[in-house]
Amino acid sequence: MFPRRFGTGRRLAGLLAAAVTAVALTAVEPAPRVAQAAGCTGTSGVTVVVDYAALGGGVQVGCAPGDPATGLAALQGAGFTVTGTARWGLAFVCRINGKPTAATEPCVNTPPATAYWSYWHAPPGGSWSYSTSGATSYNPAPGSVEGWSFGAGAPPSIAAP
């Protein structure tokens, strides 16, 4: 009888450890959504273009469905993760999908004028216009295109889809 209880205790301990691990994993921040691979159709949402070329990456295009209230909401709604600065929070976009890395840019204050995420607008198939408003105060219209490009203020390297 003693060996049987010992085996049950071991099994119970194993189940308890598995339950604790499962609870711990659910407490971790969820994985970021990956940006969708295509822009929106018609006025079904706001198309978002993020150009990582200056960081050694390519260009990603996503769709923020519906009518996002701000450019920041469109960026996040299209599946991109955003990190602001310690000083200004999300009012100043410092990282998109972890780029640039923390080793390159600590995101404490505003990055230098030669290495920041510039914010752009365009009609579908039209020319990019540099935003005169911040992403937290601009309200993009469904069917429009938002652009983000890292560097010294150049527009995204692709035409607005």
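Derivation of every value follows stated rules applied to the coordinates shown; laboratory data play no part. Being a predicted model, the structure only gives us computed values, none of them experimental. Here the Cβ is made from the backbone with ideal geometry for all residues, glycine too, and neighbour counts use every protein chain on show.
At a 10 angstrom cut-off on C-beta neighbours, averaged per residue, how do the peptides 89-96, 109-116 rank from highest to lowest?
89-96, 109-116
Please work out whether segment 45-151 counts as rounded, prolate or oblate from its C-alpha gyration tensor, where a ≥ b ≥ c are the square roots of the eigenvalues and a/c under 1.5 means rounded, while otherwise a/b larger than b/c means prolate and anything else oblate?
Here segment 45-151 falls in the prolate category.
Would you mind pulling out the separation of the Cα centroids of segment 35-81 and segment 142-161, in Å?
10 Å
Quick one: if you stick a label point 7 Å off each Cα along the C-beta vector at residue 44 and residue 102, how many nm between them?
Going from the residue 44 label point to the residue 102 one covers 3.7 nm.
Taking a ≥ b ≥ c as the square roots of the Cα gyration tensor eigenvalues, with a/c under 1.5 meaning rounded and otherwise prolate when a/b beats b/c, else oblate, which class fits segment 107-161?
Verdict is oblate for segment 107-161.
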